[in-house]
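The values are calculated or read from the model by the stated rules, or taken from the named source; none is laboratory data. Quantities reported herein were computed from a predicted structural model and do not represent experimental measurements. FYI the Cβ positions are ideal-geometry reconstructions off the backbone, even for glycines, and counts take in every protein chain you see.
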Amino acid sequence: MLQKPLFWLSICVLISSAVLAYPLYVIQPFRFQGPRELAFSLALIRFRPIIEIALLGAALTLCWFSWHQARGALRKAAASACALIVVVFAVLSHINVYELMFHPIDRPTFSPAAGAKLDGGEEVIAVHIGTAARAYPVRSMSYHHIVNDMLGGLPIVATY
């Protein structure tokens, strides 16, 4: 019989949360990413669904053992909560948060250059067509990556 299923359930929760959170921590705009940590994060993203499914199976099995071995309602509730947390992390691991975070801007709004609130050394992507011009701040573009716009009567796509 398995000893201390609640302990192993908590280990499943810790591993599941680390597998979900580490790539989110590493892959952020304007954060330095070392080659090793980025490679590890990308590998983790690639194999995360398999790892989370294995952890989910282990957590559900451990929860079942815990329910049959535990003598108190508190331990059964703790086992159920741990298993539920692993289920939630397994579901979240199948969501690509980067697609949610980095969505294109379809209807950009602009201010005159005199009224723009930019830092002195802030970089912009400048587009000039005929007499029309636009400047897209790199700080803003790093979160959206794509701006669909009309400039000088022509449709353009600014990307970063």
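Taking the numbered list (1) surrounded by 12 or more Cβ atoms within 10 Å (Cβ to Cβ); (2) free of Cβ contacts under 8 Å to residues at least 40 places away in the same chain; (3) among the aliphatic types (A, V, I, L, M); (4) in the same structural domain as residue 10 (by TED's automatic domain parsing) in turn, residue 85 passes all entries but (2).
Among the residues here, residue 54 qualifies as at pLDDT 95 or above and farther than 30 Å from residue 142 by Cβ. Mind listing just one residue for me: the one in the range 25-41 that is hydrophobic (A, V, I, L, M, F, W, C) and surrounded by 14 or more Cβ atoms within 10 Å (Cβ to Cβ) and, of those, modelled with the highest pLDDT? Here the residue is 40. Apart from one condition, residue 45 fits all of (1) outside any helix (DSSP H, G or I); (2) free of Cβ contacts under 8 Å to residues at least 24 places away in the same chain; (3) closer than 30 Å to residue 137 by Cα; the exception is (1). Output the residues belonging to the range 99-137 that are within 29 Å of the chain's Cα centre (by Cα), surrounded by 13 or more Cβ atoms within 10 Å (Cβ to Cβ) and outside any loop (DSSP other than H, G, I, E, B). The answer is 101, 105, 124, 125, 135, 136, 137. Given the criteria in contact with a His (Cβ under 9 Å, 6 or more places away or on another chain) and within 30 Å of residue 157 (Cα to Cα), does residue 30 qualify? Criteria not met by residue 30.
Within the range 139-157, one or more residues are part of a loop (DSSP other than H, G, I, E, B), over 30 Å from residue 24 (Cα atoms), without any contact (Cβ under 8 Å) to a residue 24 or more places away in the chain and more than 28 Å from the chain's Cα centre (by Cα).
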